[in-house]
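Worksheet: the structure to be examined is printed underneath.
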Amino acid sequence: MNATEFISNLGIAAVPVITVIVFLICEAVKATPLDEKWLPVVAGFSGGALGIAATLLMEDFTAKDPLTAVAVGIVSGLAATGAHQIFKQLTKGNAEEYGGRYETGKK
């Protein structure tokens with residue numbers, strides 16, 4: 001059994017997919033007038049909904065019951081905001097080096 005088959009058998013391939021989709025949803029929400037303080041809430045609800053959808057649509061999804069699916073989805077969704085914050089904090093002091101290409105936070 002190779003690594004791809006092992007991961008597929010675990011059913012965890014959908015978890016990073018949920019994280020990426022939630023990240024994109026949050027990026028789209030940023031383009032709206034909604035205050036960014038609500039992004040973790042948007043990420044949590046989006047992740048939970050995607051967790052339920054994954055349970056219904058994917059037979060090899062990690063969670064087999066709705067409550068676990070919501071929990072896995074919420075954690076995956078919140079991971080998207082956490083990953084963004086890590087990138088944002090790591091590039092905060094270096095924005096001038098890169099010509100200001102990276103988001104450095106609101107002033």
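The values are calculated or read from the model by the stated rules, or taken from the named source; none is laboratory data. Being a predicted model, the structure only gives us computed values, none of them experimental. All Cβ positions, glycine included, derive from the backbone under ideal geometry; neighbour counts span all protein chains shown.
The residue pairs whose first member lies in segment 66-94 and is loosely packed, with under 14 Cβ neighbours inside 10 Å, whose second member is hydroxyl-bearing (Ser, Thr, Tyr), and whose beta carbons are closer than 6 Å, counting only pairs six or more residues apart or on different chains, are Lys92/Thr104. Entry remark, segment 19-39: residues being modelled with pLDDT under 90 and touching a Leu at 6+ places or on another chain (Cβ under 7 Å) number 0 in total.
Checking each residue in segment 60-78 for being small (Gly, Ala, Ser) and assigned to a loop (DSSP other than H, G, I, E, B) picks out only Ala63.
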